[in-house]
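Asker: So that we are looking at the same thing, I have put the structure below in structure tokens.
The values are calculated or read from the model by the stated rules, or taken from the named source; none is laboratory data. All values derive from a computational prediction rather than experimental measurement. Glycine also receives a Cβ, built like all others from the backbone with ideal geometry; neighbour counts cover every protein chain displayed. When the accessible area is computed, the model is the full protein with side chains, heavy atoms only, and any ligands, DNA or RNA have been set aside. Shrake-Rupley method; radii C 1.70, N 1.55, O 1.52, S 1.80 Å.
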Amino acid sequence: MDPEHRQRLRDAGVDAEALDARAWQLAADGLPEWWSELGNALYLAEGASLPERVLRELTLIPFHDAVLVVGSPMTWLASLLVGGDGATVFLDAGVQLTAGEIYCGGGSSVVLHGPLVATRCAVVDARNGGTVVAGADQLWAANVYVATDDMHRLADRATGERLNPFGAHVRLGRHVWLCRDAVVTGHADVADGAVVAMRSVVRGQKVPAHAVVAGVPARVVREDVAWSHDDLP
């Protein structure tokens, strides 16, 4: 991997161990001529891939200086779209996004460490220079929505001040469980071992480690919990 690309990934929040754990090969198959001419790079680990339909949609509109790194066979990924120059996307080994959608805008970054299992229709959206970073060992139930911004400006009519997030940063620590229909958006930090309950909204908040939060907006309803992937009595 190009040293400048490696440093860019590290700056975006990729763990050094995740980069060092496998060999990354620069891909060319299925990419148009403009891809490399405009300074873009797609790195694949051994056995990793993007579906042909995803590549086709990804490359419909030219952009510059994107670095995309894929460590898993993303067979069931619905879409991966880049919305501007300088986007950075890292999908680690063990990332499974069944019918999932990823959008990364110009100057923005999406970093998903593995293992991460999203059971169905997760949406990850970073734009306006915003960032999404997820630590290892994530469990996301159906219809999870993780986004830096609302896609449209909301302003105070009297002052013109923007009221909703712009270029926000979302961090999910290690071993986080996002339950069905959970939303994490704006400047949000969900710490290690936390659980965001079904249909809850974390927006511009910090969720403590090993806590369960629920509601709209989310509030701590239980502290000092330990959740398991296994459904045990």
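Asker: I want to confirm something. Restricting to region 85-106 and keeping residues that are buried (at least 20 other Cβ atoms within 10 Å of the Cβ) and of a type in the set (Gly, Ala, Ser), which single residue is nearest to Ala16 (Cα to Cα)?
Answerer: Within region 85-106, the match that is nearest to Ala16 (Cα to Cα) is Ala87.
Asker: Another question, if that's okay. State all residues of region 27-62 that are touching a Leu at 6+ places or on another chain (Cβ under 7 Å) and assigned to a loop (DSSP other than H, G, I, E, B); if no residue qualifies, say none.
Answerer: Ala27, Gly30, Leu31, Leu50, Pro51, Thr59, Pro62 - these are the residues of region 27-62 that are touching a Leu at 6+ places or on another chain (Cβ under 7 Å) and assigned to a loop (DSSP other than H, G, I, E, B).
Asker: Something else: Can you find even one residue in region 38-46 that is over 20 Å from the mean Cα position of the chain (by Cα), without any contact (Cβ under 8 Å) to a residue 40 or more places away in the chain and under 20 Å from Gly105 (Cα atoms)?
Answerer: Taking every residue of region 38-46 in turn, at least one turns out to be over 20 Å from the mean Cα position of the chain (by Cα), without any contact (Cβ under 8 Å) to a residue 40 or more places away in the chain and under 20 Å from Gly105 (Cα atoms).
Asker: Here's another thing I want to ask about it. What's the number of the only condition in (1) over 20 Å from Asn143 (Cβ atoms); (2) open to solvent by less than 10 Å² (accessible area, probe 1.4 Å); (3) within 14 Å of the chain's Cα centre (by Cα) that Val82 fails to meet?
Answerer: Result: Val82 passes all but (2).
Asker: Can you pull out the residues in region 113-146 that are surrounded by fewer than 24 Cβ atoms within 10 Å (Cβ to Cβ), within 24 Å of Pro165 (Cα to Cα) and β-branched (Val, Ile, Thr)?
Answerer: Across region 113-146, the qualifying residues are Val123, Thr131, Val133.
Asker: To continue, here is another question. Need at least 2 residues that are open to solvent by 60 Å² or more (accessible area, probe 1.4 Å) per element, so show me which strands (runs of 3 or more DSSP E) inside region 153-233 make the cut, counting only ones lying wholly within it.
Answerer: Per the criteria, 169-172, 219-222.
Asker: A further question on this structure: Looking only at region 76-112, filter to residues that are touching a residue at least 60 places away in the same chain (Cβ under 8 Å) and not in a strand (DSSP E or B); which one of those is nearest to Ala48 (Cα to Cα)?
Answerer: Per the criteria, the residue is Ala93.
Asker: Within region 11-26, which residues are more than 16 Å from Ala87 (Cβ to Cβ) and either open to solvent by 40 Å² or more (accessible area, probe 1.4 Å) or assigned to a loop (DSSP other than H, G, I, E, B) (or both)?
Answerer: Once the filter is applied, which keeps residues that are more than 16 Å from Ala87 (Cβ to Cβ) and either open to solvent by 40 Å² or more (accessible area, probe 1.4 Å) or assigned to a loop (DSSP other than H, G, I, E, B) (or both), region 11-26 yields Asp15, Glu17, Asp20, Ala21, Arg22, Ala23, Gln25, Leu26.
Asker: Can you find even one residue in region 68-75 that is in contact with a Gly (Cβ under 8 Å, 6 or more places away or on another chain) and either open to solvent by 70 Å² or more (accessible area, probe 1.4 Å) or over 18 Å from Arg22 (Cα atoms) (or both)?
Answerer: Yes, region 68-75 contains a residue that is in contact with a Gly (Cβ under 8 Å, 6 or more places away or on another chain) and either open to solvent by 70 Å² or more (accessible area, probe 1.4 Å) or over 18 Å from Arg22 (Cα atoms) (or both).
Asker: Name the one entry in Glu57, Glu37, Glu33 that is within 22 Å of Ile102 (Cα to Cα) and acidic (Asp, Glu).
Answerer: Glu57
Asker: (1) surrounded by fewer than 21 Cβ atoms within 10 Å (Cβ to Cβ); (2) at negative phi; (3) part of a loop (DSSP other than H, G, I, E, B): which one isn't true of Asp149, the others all being true?
Answerer: Of everything listed in (1) surrounded by fewer than 21 Cβ atoms within 10 Å (Cβ to Cβ); (2) at negative phi; (3) part of a loop (DSSP other than H, G, I, E, B), Asp149 misses just condition (1).
Asker: Here's another thing I want to ask about it. Evaluate the following for Asp65: is it without any contact (Cβ under 8 Å) to a residue 40 or more places away in the chain, surrounded by 14 or more Cβ atoms within 10 Å (Cβ to Cβ) and part of a loop (DSSP other than H, G, I, E, B)?
Answerer: Considered against the rule, which asks whether it is without any contact (Cβ under 8 Å) to a residue 40 or more places away in the chain, surrounded by 14 or more Cβ atoms within 10 Å (Cβ to Cβ) and part of a loop (DSSP other than H, G, I, E, B), Asp65 comes out as yes.
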